[in-house]
Amino acid sequence: MVYTRRDVSTLTRSDRRRFVNALLELKRRGEYDEFVRLHIEYYVPDGETGLRAAHMAPSFLPWHRKFLLDLEGALRRVDDSVSVPYWDWTRNASATAVPWTGDLLGGTGRASDRQVMTGPFAYRNGKWTIKAGVTDTRYLTRDLGRSAKPITLPSAKDVSAALADPVYDTAPWNSTSTKGFRNKVEGWGPGRAPASWRNHNRVHRWVGGHMVGGASVNDPVFWLHHAFIDLLWSRWQQRHPGARYLPDKPPAQGDAQHGRVVARQESLPPWDVTPRELEDHSQIYRYA
């Protein structure tokens, strides 16, 4: 049965409570930390050798779609009324509004160490200890808006610029691709930071703390953010009928990207599923 992902700002108090409680239950069981470890493992920059599946590559969008589906499946085994809401950061751009409320994700971190002190995921509540990460920090951290060097969230204009590109991705299929929807929405722009941070990347930087880097899954806002990125992919598909995932075939031997990117009908690790099979979500979920 097809279920619905909704804008987080439309959730009722009961919806918020159910979503939070399902996340906390996955954390209690140890399942949540496995998602963190998986993302750390597949966070491979294009400056490193080997296959890139999750980031800086065409498979950025289908990889995270499958990742979201797995998390959502785990949540729904706890409570089948739950789905992952999306955070439209072009509309809800305040550090004090949804989703940063006390009954949902809590707020920014305190000035001294960026530790989140409010909401259900605050370390002091005893239910959200960081166990899988790239540092030994045990508490969730955030710095909404980057207090020292403030930046703004991406705008509707930024999103529109990405959606307008009719091609999914282009060579060299990495963070330097200047054309293609994938890299424009993933947000690897030219120039120096922070001007080079766009869309998806800029949101991670705006949230700060654990959301910067491979261990970003430790902050539950990761899922709300990526649900919106997934929604944008869906909107792009609707705007450009017939456009599809690229590359259609693997880069040939001798190409610098040979063996480094996943083609449309190749298996997307760590799953036995292809990008082509993940292009259509209409039989699983829809967006409201």
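Defining a contact as two alpha carbons under 8 Å apart and six or more residues distant in sequence, what relative contact order in percent does the range 1-143 show? Value for the range 1-143: 23 percent.
In this rough spin-label picture, where each label sits 7 Å from Cα along the Cβ direction, the Thr49-Asp80 distance is 4.9 nm. For the range 1-18 and the range 80-111, write down the distance between their C-alpha centroids in whole Å. Distance between centres, Cα-based: 13 Å.
Comparing Cα centroids, the range 192-241 and the range 117-168 end up 9 angstrom apart.
Loop-located GluC sites (Glu not before Pro) across the range 1-101 with a Cβ neighbour count of 12 or fewer within 10 Å are Glu48, with loop assigned by DSSP.
Accessible surface calculations at 1.4 Å, restricted to protein heavy atoms, place the range 116-207 at 48 Å² per residue.
Between Thr101 and Glu34, the distance separating the two model label sites (each 7 Å from Cα on the Cα→Cβ line) works out to 3.3 nm.
I want the local charge near Arg76. Using Cβ-Cβ distances under 13 Å, sum +1 for each Lys or Arg and -1 for each Asp or Glu among the other residues.
Working: positive: Arg5, Arg18, Arg77; negative: Glu25, Glu31, Asp70, Glu72, Asp79, Asp80.
Neighbour charge sum, excluding Arg76 itself: -3.
Taking square-rooted eigenvalues a ≥ b ≥ c of the alpha carbon gyration tensor, is the range 70-168 rounded, prolate or oblate, where a/c under 1.5 means rounded and, failing that, a/b exceeding b/c means prolate? Cα axes put the range 70-168 in the oblate bin.
Once a ≥ b ≥ c are taken as the square roots of the eigenvalues of the Cα gyration tensor of the range 60-101, is the result rounded (a/c under 1.5), prolate (a/b larger than b/c) or oblate (a/b not larger than b/c)?
Details: a/c = 3.63, a/b = 1.48, b/c = 2.45.
In terms of gyration-tensor shape, oblate.
Before rounding to the nearest 500, sum -39500 (n - 2.57) across all DSSP H runs of length at least 4 in the chain and divide by the residue total; then give [θ] at 222 nm in deg cm²/dmol. Walk me through the intermediate numbers first.
Working: 8 runs with 94 residues, N = 288.
Taken over the chain, the calculation gives -10000 deg cm²/dmol.
At a 1.4 Å probe radius, carbon and sulfur cover how many percent of the accessible area of the range 182-288? Show your work: numbers first, answer last.
On the way: 2140 of 4540 Å².
Carbon and sulfur atoms account for 47 percent of the accessible area of the range 182-288.
Give the shape of the range 15-146 as rounded, prolate or oblate, defined through the alpha-carbon gyration tensor: a ≥ b ≥ c are the square roots of its eigenvalues, a/c under 1.5 means rounded, and otherwise the shape is prolate if a/b is larger than b/c and oblate if not. The shape class here is rounded.
The values are calculated or read from the model by the stated rules, or taken from the named source; none is laboratory data. As the structure is a computational prediction, the values presented were derived from the model and not from experiment. Glycine also receives a Cβ, built like all others from the backbone with ideal geometry; neighbour counts cover every protein chain displayed. Keep in mind that these areas ignore ligands, DNA and RNA; they rest on the heavy atoms of the full protein, side chains included. Shrake-Rupley method; radii C 1.70, N 1.55, O 1.52, S 1.80 Å.
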